[in-house]
Structures are given as structure tokens and as C-alpha cells.
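Derivation of every value follows stated rules applied to the coordinates shown; laboratory data play no part. Just so it is clear, the model here is predicted, and its values are computed rather than measured. We place every Cβ from the backbone using ideal geometry, glycine too, and count neighbours over all the protein chains shown.
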Amino acid sequence: MRKFILSLFMLYVSACGFKPMYKQTPYNDLSNKTAKIVITPVKVFDGAYGIELRNSLMNKLTPLGKPENPEYILDITLSEPNIIDYTIKTDGTASSYLVKMNAKYVLKKKNSFNVLMEQTVNKETSYNILKNQFSTEMLKNNAIKLAIEEISQQIYYSIITYFTEK
């Protein structure tokens, strides 16, 4: 009975057009395609955050290092963190802040400079305000780093989805 149900499920999944994203085939090898992407230095207000975003994407897209013969160029512009009051106490002071960041990225063919995809990723994180100013500053830095990591994940998933569909 289990085999019958499993075979019905497999038939249903194959009939709906399901294609595994990470399946390695000669015709659709994601790792070979993403390994041909060169990531330019991130245009950003603060170089340290740009380096973190670039390194995170390089670890995901080109884990074996910079490609020798890149076919694609990935340009990224990272915004400055916009920090606003998030939670207000009854006395009118903030008890937490909201960090908003966005990154615009463009994936182009290297030789023709044809734009393959262009998107903007928006992320929000928050952190609490503590009595200790050093702790609050560390929470702020961690919130910004979390937003950068989430932006990196979103860009990565968008790119692999693009290559999966092509």
C-alpha cells in the first residue's frame, strides 16, 4: 500500500512540472553556471559592509574562488542602513530600532553587457536599546550584519532561480 501511495505521489510531482533545483545534469549544472559569475566590488557607503556582502555571495556562488573565464558580471549597490524608532515607550523614548537596508543588483553578460536580471532587495531587522551603550552598539552591528546576510541569501536564490529557469 505504501509503495502504491508513493508511486502515485511521484507521478503527481512529475506531472506538475517539478524540477529539482540542485539536480546535477549535463544540461543544467547550476554550480558550473554560478561559478562563471564575477562579483564586482560592492558600491556602498561603508566598505566593511560591502566586503561582507561580497564575501558572502562569493562563498555561495563561487566557492572555488574567482572564475578564470567569467561569463557574467554581478554589480551590487548597497544602501546605507536607515535606522528609525521602532518601539516607543509610554514616556516617548525608543526601546528598539528598526534597521532598513536595500541592495540593487544587476546580472549582465560579460562580453555583450546585456542585462539578464536587475532587482532590488529590501530587508528589515531590529534591535533593542539597552542601558549599556556598548551592548546597544553591538546589537546594532549584529542587526546590520543580519540584514546583509539576508540580502545575500535573497540575491543568491534569485540568481539560481534565474539559471534554473533558463
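Taking amide H positions as placed in the peptide plane 1.01 Å from N, state which residues far from Leu130 in sequence (5 or more) or on other chains have amide H under 5 Å from it.
Thr136
If packing is taken as the mean number of other Cβ atoms within 10 Å per residue, what is the order of 83-91, 53-61, highest first?
Going by the mean number of other Cβ atoms within 10 Å, highest first, we get 53-61, 83-91.
Between Ser79, Ser96, Ser135, find the one with the highest GNM mean-square fluctuation for the chain; connect C-alpha pairs within less than 10 Å.
Ser135
Cα axis of helix 133-165 to longest principal axis of the chain: angle in degrees, 0 to 90, nearest 10?
Taking the Cα atoms of the chain, the angle to 133-165 is about 20 degrees.
Using only Cα atoms, find the angle between the long axis of helix 47-61 and the longest principal axis of the chain, and express it within 0 to 90 degrees, rounded to the nearest 10.
20 degrees
Given a Förster radius of 41 Å and the C-beta distance between Asp85 and Val106 as r, what FRET efficiency does 1/(1 + (r/R0)^6) yield to the nearest 0.05?
Given R0 = 41 Å and the Cβ-Cβ separation, E is 0.80.
Taking amide H positions as placed in the peptide plane 1.01 Å from N, state which residues far from Lys110 in sequence (5 or more) or on other chains have amide H under 5 Å from it.
So Lys110 has HN proximity to Tyr72, Ile73.
Amide H to amide H under 5 Å from Ser95: which residues, 5+ apart in sequence or cross-chain, H placed 1.01 Å off N in plane?
Those qualifying (amide H under 5 Å, at least 5 residues apart or on another chain) are Tyr86, Thr87, Ile88, Lys89.
Thr93 label point, 7 Å along Cα→Cβ, cut-off 13 Å on backbone N: hits in region 110-153?
Those under the cut-off are 129-133.
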